[in-house]
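Here the structure is laid out as structure tokens; the discussion comes afterwards.
The values are calculated or read from the model by the stated rules, or taken from the named source; none is laboratory data. Because the structure is predicted, anything quoted here is derived from the model rather than measured. Virtual Cβ from ideal backbone geometry, glycine too; neighbours counted across all protein chains shown.
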Amino acid sequence: MHRLLFLVLATSVGAADDYTITVNSVGIGNQWRAGDITPINVTVSSNASVATSAWIQWEVPDADGDMVLWGRQLTLAPQGTTSTWLHAPTQPWDTNNTPWNIRLRAWEENMPTAELQSHRFSPASAGSQFIEHTEGRIAVFGNRRVGLSGLMPSGWIETKPEATKVVSGLTSADLPDAWQGYLSLTALVWADAPPEFSYRQSEALMNWIDRGGHLIITIPTIGNPWSFGSQNGPLAPLLGNMHPTLEHAPLSSMHNILGRNKNWQRVDIPIHVLGNIRDQWASDFTPLLWLDDGRVIAVQQSIGYGAVTVIGVDLTNGKLASQGLPEADVLWNRVLGRRADAPSQNTIQQLKDADRWSNVTFSENNLSLGKLAAQEIAMSTTAGGRLGTVFLLIFSYWLIGCPVGYYVLRRYKKQRWSWVVFASTAVIFTAGTWVMAATSSGVQTPLKHVTVVDHVYGAMGQRAIGWFSVFLPNFGRSEISVHGDPNTVLLPWSPPSASMTPTFVDKREILVNLDLPRDSFDQPSRATTANFSYKWLGGINDDFYNALIRIVPEHPPTVNYGDEYSETGELTGSIVNHASVAMKDVTIIWVSNVRNIPPQLDRNEDNELMDWISFTESGSPLNTSFMWRFSTWDSNEIFSLDQLKAKPVSYLSNSVASRYQLNPWKTGRFTTSEWRERMEMLSLYSHLSPPKYQKLPAQKGSKTFRSVRQDGRSLDLSWWFSRPCIIVMGFIPNAPIPVEVKIDGVTVDESDGVTFVRWIYPLEQTQ
């Protein structure tokens, strides 16, 4: 017996020694932010003499304390190494020292079995950099940051609404193989790295773009690595119809495109021309940058709810870097749809030396989508009512079976019957509990939601990003699913405040196969609520929503310039609210085709060019834009855009400055108005009023606000502000969830919540 036991132990140890697990990176470029869906790259080394069918899982606890096992199946070659990607939603309160476990298990009969090896790690142990909740992220594939450094944090006083961490030096090997792994990125910039994608990486990139991602490609001077014009190159479905031609242009022609007009070298640089602004453009391409002679050197293509931007200038060109080009708040503001200045550290120091730097501490308005969603989907009344009933039942059982029963029996001197009273009480309350459970099981499962529904005119179907809370009355497990396209994602969701909530005692394991569709989740149920987030594409067919917002075919939106010259023209056309109910707090934004020249460098009293721009011109919007608001848009009401007058009071910059001056010290529950304002701010974030960081000499700095966001970047419509379009936003209260949710295969027929509708109508770009 002892020999057999020794043999078993020796075999187990030997099996474990055959495998080594290494965590290569946490997040793209080994950067990650807590609360995001985070990809990790893992390598398994096998010293086994035969191939091994295995399962590898990343164990991440959820807010309830349950352990979610995010994994996939692997085939390990003998004496070889195998790398794979795992991804999971981390918790908002995680840190760089949060411990996680990777476990390698045998794979037998299509299920994981015995443990082969385990590896405990933290992001810090993997050398990962922690990104603050208030910082954005841009990944650059190539060895240069191509002018993006200006968007990075500028010091203890930030001049931008949001500083952006930029990670560079990446290659194709750093690309996750699932689109969810890209959700933490503001944009992905492809510079001088060879575009070599696996099939899964290519599919992941295209799905990410289709759902709102932004891929930016700079064309290199030499070669055609993207195989433009071919249907066989990388991302051919997105780039196959582009036909750039190599030409040259003087560097001076790039003023207000790559940077402000300085005394640059009189040299020519190679450019790839993508057409002429005076040409007729296909509906899916929009000119973004062009020279004075009309040659277009950058275009944007709408792909579903995201975009691909192609820049025909090699931004890694050493001639540009030697001139400090490109400047972030000239080129990249246009590409990314931002308006805030991005002064360099040298410029900031010059401002301080000249007594032009404002020393006033900024007041911050903290926008937390997690807090906003948690407030609206909370179901404390439903769950608390059930728990209160249970507590009352238990208390009554104790009260009758113990002190009351004893007192009555003692009064009548019948203490010998106490066991009968106690047993009878137990039977009665057991029966009552059974009846309550039986009747509760037939009650419709309550569901509360917050959903943002987007529709871009011309795109197939709608995009929905949402959060919901569902009450699960039974004990055991419940399968929650969302019906959508094959890449719909349903995830357990933790509000930021959930870290203060005690976890359940009966902790359970939840197995998630990352190679299967992610539209369902096997949720432990304990007669309480469970929170979820979802990302969905498809066609909403609920009668309540009908067709949402539509144009009137006989009178489509357009810009009328009239007989007399008008720089902006007049907006005309009609749209209709096809939903079955009225929309509330409706906002209409018109981004015209008139481009504002980037603010120019200031001059001193001797007319000498300074290193900074005038503080009166700081942070101007990219295009001349207008904003109007209406309290109600009734169902089936036709709204004529002709009544919208482009007046100075309606300028976007004036409108956002007057509407979104929030109380930075607001705590507690938001009112309906406050809640809606913050949802609008997250949508318009990059075009909110930027902080004022300059002053006149000998003057005190003026009070200024800075709106920061902890999350909610998926709601940002920023890049639409660099191209002509109409944006309509409105709220539908007391609305059912617009997607089909099932619990254990049964559709949830009743739900309630808030739906935030955003409709975008692209307009033609003219010179």
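Mind listing just one residue for me: the one in the stretch 101-145 that is among the β-branched types (Val, Ile, Thr) and modelled with pLDDT of 95 or more and, of those, farthest from Trp190 (Cα to Cα)?
This residue is Thr113.
Please determine, by comparing only the residues of the stretch 519-550 that are assigned to a strand (DSSP E or B) and among the polar types (S, T, N, Q), which one is surrounded by the fewest Cβ atoms within 10 Å (Cβ to Cβ).
Ser520
Within the stretch 581-636, considering only strands (runs of 3 or more DSSP E) that don't extend past its boundaries, which have at least 1 residues that are within 19 Å of Ile760 (Cα to Cα) and among the charged types (D, E, K, R)?
Here the list reads 583-595, 623-633.
Within the stretch 672-712, take every residue that is of a type in the set (Lys, Arg) and surrounded by fewer than 22 Cβ atoms within 10 Å (Cβ to Cβ) and give me the one that is nearest to Ser154 (Cα to Cα).
Lys692
Mind checking which residues of the stretch 222-257 are in a loop (DSSP other than H, G, I, E, B), in contact with a Leu (Cβ under 8 Å, 6 or more places away or on another chain) and farther than 27 Å from Val456 by Cβ?
Ser227, the sole residue that qualifies.
Looking at (1) surrounded by 17 or more Cβ atoms within 10 Å (Cβ to Cβ); (2) within 30 Å of the chain's Cα centre (by Cα), which is the only condition Arg105 fails?
It fails just one condition, (2).
Starting from residues that are crowded, with 20+ Cβ neighbours inside 10 Å and of a type in the set (S, T, N, Q), keep the ones in the stretch 203-221 and report whichever is farthest from Gly458 (Cα to Cα).
Thr218
How many of the residues in the stretch 508-521 are touching a residue at least 24 places away in the same chain (Cβ under 8 Å) and within 24 Å of the chain's Cα centre (by Cα)?
So in the stretch 508-521, the residues touching a residue at least 24 places away in the same chain (Cβ under 8 Å) come out as 508-515, 517-521.
Right, trim to within 24 Å of the chain's Cα centre (by Cα) and you get 512-515, 517-521.
Total meeting the criteria: 9.
Give Leu251, Leu291, Leu215, Leu238 a once-over and let me know the one that is in contact (Cβ under 8 Å) with a residue 24 or more places away in the chain, in contact with a Gly (Cβ under 9 Å, 6 or more places away or on another chain) and either over 29 Å from Pro486 (Cα atoms) or not assigned by TED's automatic domain parsing to the domain that holds Arg723 (or both).
Leu215
Hey, among Ser673, Ser702, which residue is part of a helix (DSSP H, G or I), assigned by TED's automatic domain parsing to the domain that holds Phe639 and either aromatic (Phe, Trp, Tyr) or farther than 16 Å from Ala464 by Cα (or both)?
Going through Ser673, Ser702 in turn, the sole match is Ser673.
In the stretch 493-518, what count of residues is obtained for those that are surrounded by 19 or more Cβ atoms within 10 Å (Cβ to Cβ) and in contact with a Pro (Cβ under 7 Å, 6 or more places away or on another chain)?
Result for the stretch 493-518: 2.
Looking only at residues that are under 34 Å from the mean Cα position of the chain (by Cα) and without any contact (Cβ under 8 Å) to a residue 60 or more places away in the chain in the stretch 529-571, which one is farthest from Asn596 (Cα to Cα)?
That would be Asp543.
Tell me, please, whether a residue that is of a type in the set (Phe, Trp, Tyr), closer than 22 Å to Val42 by Cα and surrounded by 16 or more Cβ atoms within 10 Å (Cβ to Cβ) can be found in the stretch 167-189.
There is at least one residue in the stretch 167-189 that is of a type in the set (Phe, Trp, Tyr), closer than 22 Å to Val42 by Cα and surrounded by 16 or more Cβ atoms within 10 Å (Cβ to Cβ).
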